[in-house]
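The structure appears right after this line, and notes come after that.
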Amino acid sequence: MKVMVTGGAGFIGSNLVRYLLNNTAMDIVIVDSLTYAGNLESISDCLKSDRVSFNHVDISDKIAVDFLFTSTNFVGVFHLAAESHVDRSIVDSSPFYNTNVIGTLNLLDNVVKHNTPRFVHVSTDEVYGSLTTGEAPFTETNLLLPSSPYAASKAASDLLVRSYVVTHGADCVITRCSNNYGPYQFPEKLIPLMILNAFEGRELPVYGDGQQVRDWIHVEDHCAGLLAAFSLGKAGEVYNLGGITELQNMEVVRSIVTLTGASDELITRVTDRKGHDRRYAMDISKATTQLNWRPIVGFAVGLKNTVDWYSANKEWTNHVRTGEYKLFYEKNYNAKFKE
């Protein structure tokens, strides 16, 4: 029962590895290229298990991916590896297409070649574009109208997956999640950035008027949804995995201010992001009905637990900020770290 988890050293990937270890009997083969957001310290405890192995592989490397599938009989793949930061995609979108499109293509070719029983492609609500106030939440039949180069690269990969189901009969399902939060998230994202800045009395930069609405899901709820999709999802289907928690960005920031005891005066308005989507919201009725899944972590509890985690894990945070986390690979795998 070996499964591949691509991007297993990233935020959602590391949480998924831990979730699978604790809730299944699967052996887990982690595949990660260890770009800036890949952090082996996030799974250092998991790597001690004889059920977990790590491969330093870039999924855009066709030869390396071919070798992985040829040398291991996988019962499934959880595909989370992706470049995912919108601001970075605006500055330079090429890495996003290399990983998100070419990397996905390499995996799909091998899924077909080796008759891999199940491929879970992890996508995002951002492929749907933006909703207006009062507009119905996204369903799986919404048109794909991505606004950022990142979202466009994910939409392209979604369509690739669908084409391999139709053309090759590949056993693939697609999940689209809303904004994740929880432990081990890289500090460039909204919630960990605000938490850490609040701890240190730094400015809390908020884009524009701060009224952009996002649907928030705790990462552990997302992981439960991915396992449900793996086990119960129907080939070719798309499942929305949302948290049923629509909040304005400013509401989230003010909640963090309250939990950390920081001052409201730290909140600072900054120039809005180009092409900034106004609202995301997810209709999860399909996943609830077909996968017997729904989120259970309330946002108030989840956010408090997240603040507490960052407070209790300052060494992890400091290693990320100083770049020391990159040395974990060198020290533990006796290989030169590859940026």
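The values are calculated or read from the model by the stated rules, or taken from the named source; none is laboratory data. Everything numeric in this text was worked out from a predicted model, so none of it was measured. When we count neighbours, we look across all protein chains shown, and the Cβ atoms used for this are built from the backbone with ideal geometry, even at glycine.
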Taking the stretch 115-128 on its own, how many of its residues are over 22 Å from T289 (Cα atoms) and surrounded by fewer than 21 Cβ atoms within 10 Å (Cβ to Cβ)?
2
Quick one: G323 ticks every box in (1) at positive phi; (2) touching an Asp or Glu at 6+ places or on another chain (Cβ under 9 Å) bar one, so which box is it?
(2)
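Kindly state which helices (runs of 4 or more DSSP H) lie completely within the stretch 295-339 and contain at least 3 residues that are farther than 18 Å from Y181 by Cβ and either modelled with pLDDT of 90 or more or of a type outside the set (K, R) (or both).
314-322, 327-333
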Would the stretch 62-74 turn up any residue that is over 18 Å from the mean Cα position of the chain (by Cα) and part of a strand (DSSP E or B)?
yes
Could you list all residues from the stretch 86-105 that are crowded, with 16+ Cβ neighbours inside 10 Å and in a loop (DSSP other than H, G, I, E, B)?
S93
Across the stretch 34-56, which residue is surrounded by the most Cβ atoms within 10 Å (Cβ to Cβ) among those that are small (G, A, S) and touching a helix residue (DSSP H, G or I) at 6+ places or on another chain (Cβ under 8 Å)?
S42
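Quick grid of which residues meet (1) assigned to a helix (DSSP H, G or I); (2) among the acidic types (D, E); (3) surrounded by fewer than 21 Cβ atoms within 10 Å (Cβ to Cβ):
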{"residue": "Q185", "(1), (2), (3)": "no, no, no"}
{"residue": "E188", "(1), (2), (3)": "no, yes, yes"}
{"residue": "H222", "(1), (2), (3)": "yes, no, no"}
{"residue": "L226", "(1), (2), (3)": "yes, no, no"}
{"residue": "S231", "(1), (2), (3)": "yes, no, yes"}
{"residue": "M250", "(1), (2), (3)": "yes, no, yes"}
{"residue": "V257", "(1), (2), (3)": "yes, no, yes"}
For residues that are without any contact (Cβ under 8 Å) to a residue 40 or more places away in the chain and among the hydrophobic types (A, V, I, L, M, F, W, C), scanning just the stretch 301-321, find the one that is nearest to P192 (Cα to Cα).
A312
Would you pick out the residues in the stretch 233-245 that are surrounded by 19 or more Cβ atoms within 10 Å (Cβ to Cβ) and over 18 Å from the mean Cα position of the chain (by Cα)?
G233
